[in-house]
Structure formats: C-alpha cells, structure tokens
Amino acid sequence: MLHLVLSAGSFADLRRSITGSDNIIEKKGSTKGMVFMRTRMHASLKPLGDGKPILAKVNMPMGHLQTDEGEGLDDQEKNDTLIREFAIREWDSEWKSRSLKTARKLWDTEGDLLSDEKVQYLGMDYDLKRRPINPTSRPINGYSKVEHLAFETRPWRTYEEYQKARKFLDRFKEPLKLPGDYDVLMQGVDTYGDKKRRSSQKRRLKVYSDDIRDRAAIGDDGIHHTDGTRLKPREVDQLIKDISKGEFAVTGEQMRQTRKRLNNNSKILSEGYIEVTTSVSSADVLMRERFPGYTGKALKSRIRLVGDSEDD
C-alpha cells in the first residue's frame, strides 16, 4: 500500500492544476465570541463581517419553530434560541421538535405522511474530553443577567484520569454554570474516593458563599457595618467560615480582585439565581440575624422564618 503525504504547498499546487486556484483554506465566518456546547453545537455572541453567526445545532432541530408572523426562523434567530436554552438549562433539560415520518416508518406502519413530535435529552454541558483549567466567569451579553462559567482546557494526563472524570460528571447531575459548580465538580474528580472529598450536596452553599463574599466586597444587600462602612477582609473571611461551617474561606486578594471587577463593571451581581437548599437556608438565617438590612437578593425564593407575616 502506497502512503502519500502532501505538504500544504503540494496540496495547493494540485488544487491549482485542477481548479485554477491554489486556495486551500476557506474562511467561513468570524465572530468576537463563541459559546460551545455538546453534542456538536456552538453559537456566536458577536458575528462580524456579513453578520451571519457561526452556528451548529445538531441536537436542537428548529425547523418547526416560527416567528410571530408565521415564518421560519433565520440563522440569527436560531443562534439566539440556542444560546438562551444554554443559559437557562438544567441537567435534565429536554427539547421538543417535530419532523415528518421517515419512509421506513411509513412502510412499517402503513401510515400517513404526518409529522411526529420528538422529545430528546438536551445535554449541553462540556463533556470533559479535555481537562478544564483557569476557570472564570463571563457575561453572555444580551442572553442572561448572570455571568457564566468559562475556562481553558488541556489534555488529560491519562485515559484512566479522563474515565474517572466522566464517571463523576455523570453522577453530578447539575449544570456547570458558575465557577462554584466547577470547583465542586473538580474537587470530586481530583479526590474521588478520598474521605476528604467535599460533598456534592454543598455545591449550592459554595455558590451562595461566593455571592456573599462578592456583595460584602462593596457592601451590597446590607452586608456592611451599621455605620455603612465595608467589612474588612478578615471579617468577611470569618463570616464565610461561619456560614459554611469552616468549609470555605476568603483571602484579601480575592476581596481586592472582586471589588475591582465590580467597580469596573466586568462582573455583575445577579439576583434570583441561587437554589434554596437546606445548607443555603441555614446560612441565610445566620446572615439575616447578623445584618438587619440583608434581604437575600441572590436567592430564587425568599426563605420564610417562623413569625413572618403573610404580607412581608
């Protein structure tokens, strides 16, 4: 068997001899930002050039969707739909679509050419084919008020390491939307089977603790001294340790960086996005006891205490 290896130059020469053009690379589109999802799906945040988004939506057929005028969606509308579904997803989200019956199904059932409704699991979280590194959060401008987890990747050291990560991911059953979600996931991956492994039940408490840290950095939601001055880093650190029972801590550098990002608007304090679990509820009670002006802006639902009136 003859193996032929072509360099880019040789390939360009062959194209010239056949087509008259030596161009071997075609620019399909350009954008200032992308959102990548599984399986084989991606969307554009800010398309450039001709304005057409770079779009792939294998798992989300949208041919059945229509505008208010009864027309099918154009590429930009499909792009926006995909990103919105990504921003609001849960781990068990589903997608409904409609399509005509296949020729095989018509033959087997002797049926009519009608459309069938299909419901499928919409898994959009990263599948850990590579190891995430340098986690941060970035806004999905125009699609969500909450900043979303973003990260770089590098190869796994071994296939066994990847297998362990995928096994833990399949049991995680939470969308990876925030750095706190990532932190708990990777702690489980890196210490899987270890007695020191942090319980995945505390991942919402981690998100809540991070929100309290961020708000304390600028004195938001009543988290400040009675005279209105901000808490000092050591005071915030002790507060976070108290509400998490020593599970989490805060450094002065974290406080400085958080305050800087909030002041230059590269970070946004979001509201109504944290699920109220048992651990979050206990922490919230402590916060309300210590800070009379605290309201719990970040919680999806207000926690009612014994003695609260129905009109509160």
Amide H within-cut-off set for THR153, under 5 Å, with H built and near neighbours excluded = ILE133
Among 119-129, 274-284, the order from most to least packed when residues are scored by Cβ within 10 Å on average = 274-284, 119-129
The answer for the per residue Cα convex hull volume of the stretch 84-177, in Å³, is 154 Å³
Hydrodynamic radius by Kirkwood, which averages 1/r over all alpha carbon pairs of the stretch 131-290, in angstrom | 17.0 Å
Pull up all non-local amide H partners of SER137: gap of 5 or more, or a different chain, and H-to-H distance under 5 Å with H placed in the peptide plane.
-> ALA150
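What ranking do TRP91, TRP107, TRP156 get, fewest neighbouring Cβ atoms within 10 angstrom at the top?
Details: TRP91 14, TRP107 10, TRP156 17.
The order, fewest Cβ neighbours first, is TRP107, TRP91, TRP156.
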Hull surface divided by four, with the convex hull built on the Cα atoms of the chain: how many nm²?
-> 27.7 nm²
Over its alpha-carbon atoms, the stretch 148-191 yields an Rg and a Dmax in Å of 10.6, 29
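Thinking of the stretch 205-267 as a set of Cα atoms, what percent of all their pairs are more than 17 Å apart?
Numbers: 658 of 1953 pairs.
Counting every Cα pair in the stretch 205-267, those more than 17 Å apart make up 34 percent.
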Mean shadow of the stretch 34-121, computed from the convex hull of its alpha carbons, in nm²?
-> 7.5 nm²
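Coordinate-derived values only; no laboratory data. Values in this document were obtained by computation on a predicted structure and should not be read as measured data. Don't worry about glycine lacking a Cβ; one is built from the backbone with ideal geometry, like all the others, and counts go over all protein chains shown.
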